[in-house]
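Asks: Got a structure for you, written out below as structure tokens; questions coming shortly.
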Amino acid sequence: MPILVGQHAGFCMGVRHAVEGALKAAETEPDIVTFGELVHNPEVIRDLKEKGIRQVDDVAQTEGKAVIVRSHGVAPGVLAELTRRSRKIIDLTCPYVARLHDIVAKYSARGAPVILVGQHDHPEVKGTIGWCKGPVYTVHSLEEARALPRMEQALAVSQTTFPHEAWEAILPVLRERVSELTVQDTICSATVVRQAEAKRLASQVDTMLVVGGRTSSNTRKLYETCKSICTRTLWVESAAELPEGFANIHLESIGITAGASTPDWSLKEVFTRMTDKERMDQRISTEEADKDSFMADVEATLVRIRPGQTVTGTVVQITDDEVCVNIGFKSDGLIKRDDLVTEDVKIGDEIEVEVVKVNDGEGNVVLSQRNLVNRKVFAEMVEKHAKGEYVEGVGKEVVKGGLIAMVDGIRAFVPASQLSNRYVEKIGEFVGKPMKLKIIELDEQKKRIVASRRAVVKEEAAIKKAEIWDKLKEGEVIHGIVRRLTDFGAFVDIGGVDGLIHVTDLSWSHVKHPSQVVSPDQEVDVKILGLDFQRERVQLGLKQMQPKPWDLAPEKYATGSVVTGKVVRITTFGAFVELEPGIDGLVHISQCATTRINKVEDAVNIGDEIQVKVLSVDPEAKRISLSIRALQEPASQEEPATLDNSEEAVAVNIEEVGAQLEAEASDHESASQQ
């Protein structure tokens, strides 16, 4: 009767964190309570109570006490009230739940609706609702999802312990009800793994045992999942609930799993109760063995093994701590779970192992699969190190000075300075994350590895930058994103390489600061004006994407047309009028009024908005002649206008005025480029 126990059964990371944190706090806090049930398991609650940790369900009961916020988390309003009343807050909210709170709070900050998939009355769901700033809809089934009102937009998230298959089934319905649905899968990865493992076990065994508290939503979903596959599924809170004589029922195999709130000792107690009967059956079977079996044992004693030897054996028994392997010796070999590399090992599997000890003092042969695999993997790493190749690792734990990463089962130390090309404030963020590493130090004798993620990031960035530089061509138009502004220009990311738009290349008109034209994170199309491969500098232009104002001037300001402008400068010979940024026209003093004036200020002042008539346009010389007088004089169709005898004619030196205009235009152009 093989007994298979789920490797991912029992406490999840969040629950273990909460229980261990509560027990640690109880060592120093004399009057400590949990706000609500810390975990949904009566055995754990009893154990906590024995350690002096009581449960309260009313905020008023927390007055002056040290209060533990359980892994389910609470609403911000409740947390504020607990903080006000209690002596101390010990927040043990599960990291996955805290992430869920952060997601809904940010999305709904402006009142956007949130659809929360989960059990309506579950503490986690109630707490999450409190973090939503807008409308919240909770759904637990396809029917409830179909009953939702139609919405333009919404965020869909899930209770962290909700079954992943049910979540996937509900999503299509939500997409039908919401035009623009944002989806965030907030289900805890441990939940997904545990449920998948339970399904696999249930499909392989005759009977499934699900161990966990009756009030645990997680355990209930686990039971329902197993029951749907294996009809002979039993739900027990502890070994005491196993039916009398259950172990005597002749079954081919039994699978055991447990909910996230089930403690290790409860799971082990159930397993022990089941294996006691199996061991008795094995002893009876041994006593009844015939002579052929005895001779086979004698023959097995002739097999010789030694420490360090590689042998192939067959898995004959699996417990929660060890795997028993028949290697053809007089005694079967035992492998600790920590020394087993093969995942999902089953009875009957053939595995290659290394002999660690021929006799552990109790007649058992000690085996290791990890030693054998590690030796092979280490040899591969030596080769990769020599070739400068990368290896794949996963962050395991934070240690002094850096991070331990597992590379194919081998520990590698990644110094904090080698985690990123930027300063890493929280090394713990890399725990559990896959990463590409480069081995920078390797000690074959001590089997020590020092690796760098920073080197990989730097090399990949260099390769990417080189690829981008190969594609850049002067005169080409490219899309980019403005990253930062300085007094002298704007830096634009053009796909991994930063280019500079100088302030003079932002606009055809004068620009005092880049913020007048662009802003950070703005997407722009720019023209590559210059490339400096040695200094890795790219000169970009934004104004070059627009036609030059003077090229359009003859069409926009046709001779004889009347336009409006603003007086921006006054000289002794006239007033400059800005028609648009980058284009000024001149009203000569003789064209400022119908009568003679001694100075331009007698007719106009800086800042005046005036109407003028276009007398002539010279785009090449960048000159436009304007007139106020032409609009004030009555038009005569019969004879040309004559000067009033009382007004003296003013002789205009054309060359002098032209020189003055060129000097003014030159000064104005220089000012616009500064």
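Asks: Among (1) within 30 Å of PRO547 (Cβ to Cβ); (2) over 25 Å from the mean Cα position of the chain (by Cα); (3) modelled with pLDDT under 85, there is one condition GLY409 misses while meeting the rest; what is its number?
Replies: Condition not satisfied by GLY409: (1).
Asks: Inspect the stretch 496-503 for any residue being surrounded by fewer than 14 Cβ atoms within 10 Å (Cβ to Cβ) and touching a helix residue (DSSP H, G or I) at 6+ places or on another chain (Cβ under 6 Å) and give the result as yes or no.
Replies: yes
Asks: Let me ask another. Check GLY582, GLY574 and return the single one that is on the phi > 0 side of the Ramachandran plot and free of Cβ contacts under 8 Å to residues at least 40 places away in the same chain.
Replies: GLY574
Asks: Quickly run through the stretch 203-247 and pick out the residues that are in a loop (DSSP other than H, G, I, E, B) and within 38 Å of the chain's Cα centre (by Cα).
Replies: Matches in the stretch 203-247: SER203, GLN204, GLY212, GLY213, ARG214, THR215, SER216, CYS230, GLU237.
Asks: Checking the condition of a type in the set (A, V, I, L, M, F, W, C) and under 30 Å from ILE347 (Cα atoms), which residue from VAL117, VAL136, VAL192 passes?
Replies: After applying the criteria, what remains is VAL192.
Asks: Now for a different question. Inspect all residues belonging to the stretch 136-143 and state whether any of them is more than 26 Å from the chain's Cα centre (by Cα), part of a helix (DSSP H, G or I) and without any contact (Cβ under 8 Å) to a residue 60 or more places away in the chain.
Replies: Yes, there is a match, as at least one residue in the stretch 136-143 is more than 26 Å from the chain's Cα centre (by Cα), part of a helix (DSSP H, G or I) and without any contact (Cβ under 8 Å) to a residue 60 or more places away in the chain.
Asks: Go through the stretch 215-244 and give me each residue that's in contact with an Asp or Glu (Cβ under 7 Å, 6 or more places away or on another chain), touching a residue at least 40 places away in the same chain (Cβ under 8 Å) and surrounded by fewer than 18 Cβ atoms within 10 Å (Cβ to Cβ).
Replies: Once the filter is applied, which keeps residues that are in contact with an Asp or Glu (Cβ under 7 Å, 6 or more places away or on another chain), touching a residue at least 40 places away in the same chain (Cβ under 8 Å) and surrounded by fewer than 18 Cβ atoms within 10 Å (Cβ to Cβ), the stretch 215-244 yields nothing.
Asks: How about the stretch 105-126: which of its residues are without any contact (Cβ under 8 Å) to a residue 60 or more places away in the chain, in contact with a strand residue (DSSP E or B) (Cβ under 9 Å, 6 or more places away or on another chain) and either under 16 Å from GLY77 (Cβ atoms) or assigned to a helix (DSSP H, G or I) (or both)?
Replies: Answer for the stretch 105-126, where residues must be without any contact (Cβ under 8 Å) to a residue 60 or more places away in the chain, in contact with a strand residue (DSSP E or B) (Cβ under 9 Å, 6 or more places away or on another chain) and either under 16 Å from GLY77 (Cβ atoms) or assigned to a helix (DSSP H, G or I) (or both): SER108, VAL125.
Asks: Condition check: crowded, with 16+ Cβ neighbours inside 10 Å and of a type in the set (Asp, Glu). Does ASP487 satisfy that?
Replies: Considered against the rule, which asks whether it is crowded, with 16+ Cβ neighbours inside 10 Å and of a type in the set (Asp, Glu), ASP487 comes out as no.
Asks: Now, a different point. What are the pairs with Cβ atoms under 8 angstrom where one residue, in the stretch 181-197, is without any contact (Cβ under 8 Å) to a residue 60 or more places away in the chain and the other, located anywhere, is part of a loop (DSSP other than H, G, I, E, B)? Sequence gap at least six, or different chains.
Replies: Correct list of pairs: ILE187/GLN159; ILE187/THR160; ILE187/THR161; ILE187/PHE162; GLN195/PRO163.
Asks: Could you grab the pairs with beta carbons closer than 8 Å, sequence gap of 6+ or different chains, first residue in the stretch 407-422 and hydroxyl-bearing (Ser, Thr, Tyr), second one assigned to a loop (DSSP other than H, G, I, E, B)?
Replies: Going by the 8 Å Cβ cut-off, the qualifying pairs are SER420/ARG453.
Asks: Could you list, ordered by first residue, the pairs with Cβ atoms under 6 Å in which the first is in the stretch 445-458 and under 17 Å from ASN374 (Cα atoms) and the second is of a type in the set (Gly, Ala, Ser) and buried (at least 16 other Cβ atoms within 10 Å of the Cβ), at least 6 apart or interchain?
Replies: Close Cβ pairs satisfying both conditions: ILE449/ALA412; ALA451/ALA412.
Asks: So, one more: Do any strands (runs of 3 or more DSSP E) lying entirely in the stretch 413-522 carry at least 1 residues that are assigned by TED's automatic domain parsing to the domain that holds GLY401, under 30 Å from PHE378 (Cβ atoms) and aliphatic (A, V, I, L, M), and which ones are they?
Replies: Where strands (runs of 3 or more DSSP E) fall fully within the stretch 413-522 and carry at least 1 residues being assigned by TED's automatic domain parsing to the domain that holds GLY401, under 30 Å from PHE378 (Cβ atoms) and aliphatic (A, V, I, L, M), they are 434-443, 448-452.
Asks: May I ask you to say which residue of ILE583, ILE610 is crowded, with 16+ Cβ neighbours inside 10 Å, closer than 30 Å to HIS513 by Cα and at pLDDT below 90?
Replies: Exactly one of ILE583, ILE610 is crowded, with 16+ Cβ neighbours inside 10 Å, closer than 30 Å to HIS513 by Cα and at pLDDT below 90, namely ILE583.
Asks: While we're here: If ALA641 satisfies every condition in (1) modelled with pLDDT under 90; (2) in the same structural domain as THR572 (by TED's automatic domain parsing); (3) over 19 Å from LYS556 (Cα atoms) but one, which is the exception?
Replies: It fails just one condition, (2).
Quick grid of which residues meet (1) touching an Asp or Glu at 6+ places or on another chain (Cβ under 7 Å); (2) more than 26 Å from ARG200 (Cα to Cα); (3) outside the structural domain of ILE256 (by TED's automatic domain parsing):
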site: VAL315; (1), (2), (3): yes, no, yes
site: VAL323; (1), (2), (3): no, no, yes
site: GLY328; (1), (2), (3): no, yes, yes
site: ASP339; (1), (2), (3): no, no, yes
site: ILE347; (1), (2), (3): no, no, yes
site: ILE351; (1), (2), (3): no, no, yes
site: GLU354; (1), (2), (3): no, yes, yes
site: ASN364; (1), (2), (3): no, yes, yes
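Asks: Return yes or no: is ALA156 crowded, with 19+ Cβ neighbours inside 10 Å, within 18 Å of VAL125 (Cβ to Cβ) and at pLDDT 85 or above?
Replies: Here the answer is yes, as ALA156 does meet what is asked.
The values are calculated or read from the model by the stated rules, or taken from the named source; none is laboratory data. As the structure is a computational prediction, the values presented were derived from the model and not from experiment. Quick reminder, even Gly has a Cβ in these numbers, built from the backbone with ideal geometry, and neighbours come from all protein chains shown.
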